[in-house]
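This report refers to the structure that appears directly beneath it.
We did not get these values from a lab; they are worked out from the coordinates using the rules stated. What you are looking at is a predicted structure, and each value in this text was computed from that prediction instead of being measured. Don't worry about glycine lacking a Cβ; one is built from the backbone with ideal geometry, like all the others, and counts go over all protein chains shown.
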Amino acid sequence: MNSSTNTTGITISVIQPKTSILDKPINTKVKHEISINLYALLFSELVQYCQNKSSSVPEFQTKLHEVGQSIGAKLIDINFYREKNGKREIKLLNMLQFIKINLWKNIFGKECDKLERANDDERTYYLIEQDSLVNKFISVPKDKGSLNCAIFVAGMVEAVLNNCGFKSTVTAHWHKGTTYMIQFDEQVIARG
Amino acid sequence: MARQGNKLDSKKVNSEMFTLTYGALVSQLMKDYDNVEDVNKQLDRMGYNIGIRLIEDFLARTQSTRCQDFKETAEKIQLGFRIYLGISPNISNWSASGDEFSLIFETNPMLEFVELPDNCTNLKYCNVLTGVLRGACEMIQLDITSKFIQDQLKGDNVTELRVKFIKTIQDAIPAGED
């Protein structure tokens, strides 16, 4: 495509799409759905790609986690807009409920099964999901026992929480299905 | 996973999840590769891997039989899009010899939320589809190629995918065993 460069080095694009993405309606009521098999195959390609790019399991997990984060960051605005009229949650529990119910429903079509708090640590919460969409067709090789590809979803949740001002780390574990362990920063708990 | 009789009507997932996952994959590729052409190639390769597995599912689900001509194949491809992506691209612009046609997409869930930055004008965002078609057809002994000649992301009204029949593969030797 042609582009012209002026003296200061700023590139001005000559492509003018007729309708920009901002002109499209944001609240499409018609839910578009696609086959789960195709999704599984696409996800498998993503997993394989990350695996080929990394030399160890932790590196692989980090990579998948990062890809998840890039999605999570994009989920925030649209979901708050659709579900809460654009009003953000500022209370910890409400935020977690929002993720468990609204966000999960929007992206996975059902609520997350359980939300629990650790008995001995008020900074730690668990989101528990019996069968995670991304793990539906994945069998983990024996030598990679602790690997859980739902780390991808954990990345999404982490990005949502962090970008909403709840500093935390989220990891995925095999426990009662898949458990996402959310560990909040001290300051989040301290402000109540 | 245990096979459950003939319960082949697949479950569905929200297309936004698919759109976002695919978008994340493409942007990851853009980060990892310097050259946009390499990204296009990589997307095509990924599509190929998807296609060679997706065709099994398609055959099982539709109980399709052998196509008599390429026109029938085109209809099957269209049906495939309906099953897996929930869209029906129009088939048009047949070449005189009947070995080339276009799939016209007016809507495509893959393009939701997508905007190409100026430095990605050579990126074929949906290139995974060319790979899927190539992979799927190769598994049924059809050698085809396809390319995008119009793209909504680049300001065209529709997205047009041109599919060309090359030949029927005679000896189906599994890849890597020749």
Inset, instruction - Would you kindly state how much longer the chain becomes between A:D131 and A:V57 on full extension, computed as 0.36 nm times their sequence separation minus their alpha carbon distance, in nm to one decimal? - result: 24.4 nm
Legend entry - More than 20 Å apart - percent of Cα-Cα pairs taken over segment A:117-192: 34
Inset, instruction - Calculate the spin-label point distance for B:C67 paired with A:Y81, positioning each point 7 Å from the Cα along the beta-carbon direction, and give it in nanometres. - result: 4.0
Legend entry - All-pairs Cα distance distribution in segment B:76-145, expressed in whole percent, bin size 5 Å: 3, 13, 20, 25, 20, 12, 6, 2
Inset, instruction - Among A:I107, B:I166, A:I78, rank each residue by its count of other Cβ atoms within 10 Å, from fewest to most, as a rough exposure measure. - result: B:I166, A:I78, A:I107
Legend entry - Shielding by partners, peptide B:18-27 (average Cβ within 10 angstrom, other chains): 6
Legend entry - Full-stretch length increase - B:L59, B:K11 - with 0.36 nm per residue and alpha-carbon distance subtracted: 15.6 nm
Legend entry - Neighbour-count ranking [beta-carbon atoms within 10 angstrom, fewest first] of B:I77, A:I101: A:I101, B:I77
Inset, instruction - Grab the Cα-Cα distance for A:K91 and A:I21, subtract it from 0.36 nm times how many residues apart they are, and report the gain in nm with one decimal. - result: 22.0 nm
Legend entry - Set of segment B:130-149 residues, backbone N closer than 19 Å to the point 7 Å along the Cα-Cβ line of B:D171: B:138-143
Legend entry - Mean separation of Cα contacts under 8 Å (6+ apart) over length of chain A, as relative contact order %: 21
Inset, instruction - Divide, for chain A, the radius of gyration over alpha carbons by 2.2 N^0.38 Å, where N is the residue count. - result: 1.20
Legend entry - Dipole moment magnitude, nearest 20 debye, the protein assembly as shown about Cα centre, only Lys, Arg, Asp, Glu C-beta charged: 980
Inset, instruction - Evaluate the distance, in nm, between pseudo-label points positioned 7 Å from the Cα of B:D118 and of A:K176 along their respective Cα→Cβ axes. - result: 5.3
Legend entry - Relative contact order of segment B:41-168, defined on C-alpha pairs under 8 angstrom at six or more residues apart (%): 33
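Take peptides A:58-66, B:30-38 and line them up by average Cβ neighbours within 10 Å, highest first, as a rough protection proxy.
Highest-to-lowest ranking by the protection proxy: A:58-66, B:30-38.
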Inset, instruction - Of all alpha-carbon pairs in segment B:43-178, indicate the percentage at a distance above 17 angstrom. - result: 61
Inset, instruction - Enter the per residue convex hull volume of the protein assembly as shown, computed from alpha-carbon coordinates, in Å³ rounded to the nearest integer. - result: 187
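May I ask you to sort B:L129, A:L38 by Cβ crowding, counting other Cβ atoms within 10 Å and putting the fewest first?
A:L38, B:L129
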Inset, instruction - Report, as an integer, the average count of C-beta atoms from other chains found within 10 Å of each Cβ along B:118-128. - result: 2
Legend entry - Average beta-carbon neighbours from other chains, 10 Å sphere, peptide B:44-51: 3
